[in-house]
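A.B. asks: Sharing a structure with you now.
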Amino acid sequence: MNRSSGTKKKKNRLPVLAQAGPVSVWMILFVTLPLLFIIYVSFMTRGTFGGIEYTFSTESYRTILDPMYFSVILKSLKVAAVTTILCLLFGYPLAYFIARKPPETASKLIMLLMIPFWTNGMMRLNAWMLFFQVNGPVNYVLTHLGIVEKPVMFLYTDWLVNIGLFTNMLPFAVLPMYSSIEKLQKSLLEASSDLGADPVRTFLKVTLPLTFPGIFSAIILTFIPALGTYTVTDMLGGGKVLYIGNIIKNQFGTIRNWPLGAALSVLLLVITALLIFIYSRFAGIEDMEVV
Amino acid sequence: MTEQNLKRVRKKRRLAFLADLYAVLMYTLFYIPVAVMIVFSFNDAKRNYSWEGFTTGWYGKLFSFSNTTLWDALVYSLIIAVLATVISTVIGVLGGIGLKKFEFRTKKFINMMIYVPIIVPEIVLAVAMLIIFITVGIKMGMGTILIGHCTFCIPYAVVTIKGRISGDNETLEEASMDLGANRIQTFVRVTIPSIMPGIMSAAFLSFTLSIDDVVMSNMLAGASQSTLPVLILSLNRTGLSGDVNALTTVMIVCMVAGLLVQSLIRRLISKRRAKEGALLPQEEG
């Protein structure tokens, strides 16, 4: 197979160009170049009226270390970590549940998992606001059951942002873990229990290690988007809750400090690259179940 | 012994019940926002701050087309989503096949680049594009939004297609060429039909990603028209009115209906094929 495609290549490059050409050009033009340029810009000076002044400076990176920005970065990292842990804790059992169903039921359950995500994402976040607002159903139940005296102010808190992030990311944690668990051979589990391991031990020693690629995909697919979000914080935080994403976005709106926005983006890139590097130590990136 | 077995069965049943309960609770969590969104499209209040009573008035208002801001945003979103779907599916399908079938020097690099838009936070790519577009002097608007959308749709299309190509495809293609079809004939009449389900899901995925996108649409819009999600994001500050809920309810109903029709058609086709297969002698061994 390899040899034949090798000789094909030498004979005629046209099919390669026609098929792999457009995607290559697109990715280089709109992914590679912009990302290289943003790294370059992050080392430039902020223009007086916004924009970029092309003189070298590390000012943006020093600004990041300023306690005001640094605390936001730490908070974003913390919230993203909490979201990821919640997604793993709640997602793994659900993924396991789905994977143990017969294939037909499982694919229906997966479909059922995705349908809510065809509703407008902003409206889904808005719905959480309606659900938790002062006159909303949650407060109605809480006050009528006498759990709280006055309605709780859920809106515009980190707590609600967490709920929004958790519910938005959960399916993307479930999917890769599901396909990992689904691939797990039942015979291995049976072997483990035949050899005298109790279910807990089997889970810890066989299931968990073998499904680790799925778990790590889930970590990447929840942690990184959660870290970079600005829409969830914008909608549910009402502009009062700021994470890295909001700060980056603001540099290109009202504040107009492009190099700072670029530097913060580079920070996100570095964190992403670090996670991918760890992932690539024990699984190929192409094994990551993204769709 | 039987006593023990009975105990075991009971324990198993209890566990299965708990598992079912857990799944139901989790699915409830996923459907709460959808339910709330639909319920509040029937809310008789000027702004959706509290429940004021039942009305179907918002649907009437929606389909009187008086809220042009909303409809303009929807039409704009739909145009972009359709264009992004077509462009991404064509480039993604070609690319998926090309990257799977051929070996070339930059293949590893391109494969890596394909995963970048999927993994890197969208805001980073949006900002990177914004800076380079402004520096180069490209005017922000529909074109730039479209480029942004395609940049994250193409990778998903490529990954979807790559997942659908197997050794069987190569055998089929070789057979086609052996029988005298040229490359283009083989591509159009053998390769494409054999990965049609993959193409459909790539297109569907691109459409849903594009129509729901906020980050690229917001950052790369310039002073042009807002897409629907961006409009909702900006209206959210002042409180949304029920017609937005009504519109998004209509949209999800259309999506689900489309899905049902599609699966119905698929079932009919496979039934007919099964029938034909039963009538015809088996051709393939």
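The values are calculated or read from the model by the stated rules, or taken from the named source; none is laboratory data. A quick note: this is a predicted structure, and the numbers were derived from the prediction, not measured. With ideal geometry, Cβ positions are generated from the backbone for all residues, glycine too; neighbour counts draw on all protein chains shown. What goes into the accessible areas is simple: the full protein's heavy atoms, side chains included, and nothing from ligands, DNA or RNA. Shrake-Rupley method; radii C 1.70, N 1.55, O 1.52, S 1.80 Å.
A.B. asks: Cβ-Cβ under 6 Å, sequence separation 6+ or interchain: first residue in region B:40-66 and part of a strand (DSSP E or B), partner open to solvent by less than 20 Å² (accessible area, probe 1.4 Å). Which pairs?
C.D. replies: From region B:40-66, the pairs are B:43/B:242.
A.B. asks: Select, from B:94, B:74, the only residue that is closer than 17 Å to residue A:17 by Cβ, open to solvent by less than 70 Å² (accessible area, probe 1.4 Å) and among the aliphatic types (A, V, I, L, M).
C.D. replies: On the way: B:74 fails: closer than 17 Å to residue A:17 by Cβ.
Just a single option satisfies the conditions, and that option is B:94.
A.B. asks: In addition: Out of B:148, B:96, I need the residue that is more than 22 Å from residue A:36 (Cβ to Cβ) and either outside the structural domain of residue B:225 (by TED's automatic domain parsing) or in contact (Cβ under 8 Å) with a residue 24 or more places away in the chain (or both). Which one? Write out each step before concluding.
C.D. replies: Working: B:148 fails: more than 22 Å from residue A:36 (Cβ to Cβ).
When all the criteria are applied, what remains is B:96.
A.B. asks: So in region B:37-56, with the set limited to residues that are open to solvent by less than 40 Å² (accessible area, probe 1.4 Å) and out of contact with any Lys or Arg (no Cβ under 9 Å at 6 or more places or on another chain), which one is nearest to the other protein chains (Cβ to nearest Cβ)?
C.D. replies: It comes out as B:50.
To keep it simple, each residue is scored yes or no on (1) β-branched (Val, Ile, Thr); (2) surrounded by fewer than 22 Cβ atoms within 10 Å (Cβ to Cβ); (3) farther than 23 Å from residue A:113 by Cβ.
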position: B:224; (1), (2), (3): no, yes, yes
position: B:228; (1), (2), (3): no, no, yes
position: B:237; (1), (2), (3): no, yes, yes
position: B:249; (1), (2), (3): yes, no, no
position: B:253; (1), (2), (3): yes, yes, no
position: B:269; (1), (2), (3): yes, yes, yes
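A.B. asks: For residues that are more than 7 Å from every other protein chain (Cβ to nearest Cβ), touching a residue at least 12 places away in the same chain (Cβ under 8 Å) and basic (Lys, Arg), scanning just region B:100-145, find the one that is farthest from residue B:169 (Cα to Cα).
C.D. replies: B:139
A.B. asks: Here's something else I'd like to know. Considering only residues that are surrounded by 21 or more Cβ atoms within 10 Å (Cβ to Cβ) and closer than 25 Å to residue B:53 by Cα, which ones fall in region A:120-134?
C.D. replies: Our first condition is that a residue be surrounded by 21 or more Cβ atoms within 10 Å (Cβ to Cβ); within region A:120-134, this holds for A:120-132.
The answer is A:120, A:122, A:123, A:124, A:125, A:126, A:127, A:128, A:129, A:130, A:131, A:132.
A.B. asks: For region A:83-118, name all the residues that are open to solvent by less than 60 Å² (accessible area, probe 1.4 Å) and closer than 25 Å to residue A:240 by Cα.
C.D. replies: Within region A:83-118, A:83, A:84, A:86, A:87 meet the criteria.
A.B. asks: Could you look through region A:135-158, keep only residues that are surrounded by fewer than 15 Cβ atoms within 10 Å (Cβ to Cβ) and part of a loop (DSSP other than H, G, I, E, B), and pick out the one that is farthest from the other protein chains (Cβ to nearest Cβ)?
C.D. replies: The selected residue is A:146.
A.B. asks: Further question: Restricting the search to region A:186-211, which residues are assigned to a loop (DSSP other than H, G, I, E, B) and surrounded by fewer than 17 Cβ atoms within 10 Å (Cβ to Cβ)?
C.D. replies: Across region A:186-211, the qualifying residues are A:195, A:196, A:197, A:198.
Yes/no per residue for (1) at pLDDT below 85; (2) in a strand (DSSP E or B); (3) touching a Gly at 6+ places or on another chain (Cβ under 8 Å):
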site: A:3; (1), (2), (3): yes, no, no
site: A:21; (1), (2), (3): no, no, yes
site: A:27; (1), (2), (3): no, no, no
site: A:33; (1), (2), (3): no, no, no
site: A:38; (1), (2), (3): no, no, no
site: A:64; (1), (2), (3): no, no, no
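A.B. asks: Only one of (1) closer than 28 Å to residue B:144 by Cα; (2) open to solvent by 30 Å² or more (accessible area, probe 1.4 Å); (3) in the same structural domain as residue B:71 (by TED's automatic domain parsing) is not met by residue B:213, so which one is it?
C.D. replies: Looking at each condition in turn, residue B:213 falls short on (2).
A.B. asks: Report, by residue number, each residue of region B:161-198 that is open to solvent by less than 20 Å² (accessible area, probe 1.4 Å), in a helix (DSSP H, G or I) and closer than 18 Å to residue B:90 by Cα.
C.D. replies: The initial filter retains those residues of region B:161-198 that are open to solvent by less than 20 Å² (accessible area, probe 1.4 Å), namely B:161, B:169, B:176, B:186, B:191, B:195, B:198.
Adding the requirement that they be in a helix (DSSP H, G or I) leaves B:161, B:169, B:176, B:186, B:191, B:198.
Within region B:161-198, B:161, B:186, B:191, B:198 meet the criteria.
A.B. asks: Turning to a different aspect of this structure: Look at region B:173-198 and say how many of its residues are closer than 24 Å to residue B:265 by Cβ and of a type outside the set (Val, Ile, Thr).
C.D. replies: Taking region B:173-198 as the starting set, the residues that turn out to be closer than 24 Å to residue B:265 by Cβ are B:188-198.
So of that shortlist, the ones also of a type outside the set (Val, Ile, Thr) come out as B:189, B:193-194, B:196-198.
Residues that pass the stated criteria total 6.
A.B. asks: Just need a number here: residues in region B:1-38 that are within 22 Å of residue A:128 (Cα to Cα) and either at pLDDT below 90 or assigned to a loop (DSSP other than H, G, I, E, B) (or both).
C.D. replies: Total satisfying the criteria: 0.
A.B. asks: Could I ask something else about it? How do the pairs read when you match residues in region A:99-117 that are more than 9 Å from chain B (Cβ to nearest Cβ) with residues anywhere that are assigned to a helix (DSSP H, G or I) and open to solvent by 70 Å² or more (accessible area, probe 1.4 Å), using Cβ under 6 Å and keeping only pairs 6 or more apart or on different chains?
C.D. replies: A:99/A:182
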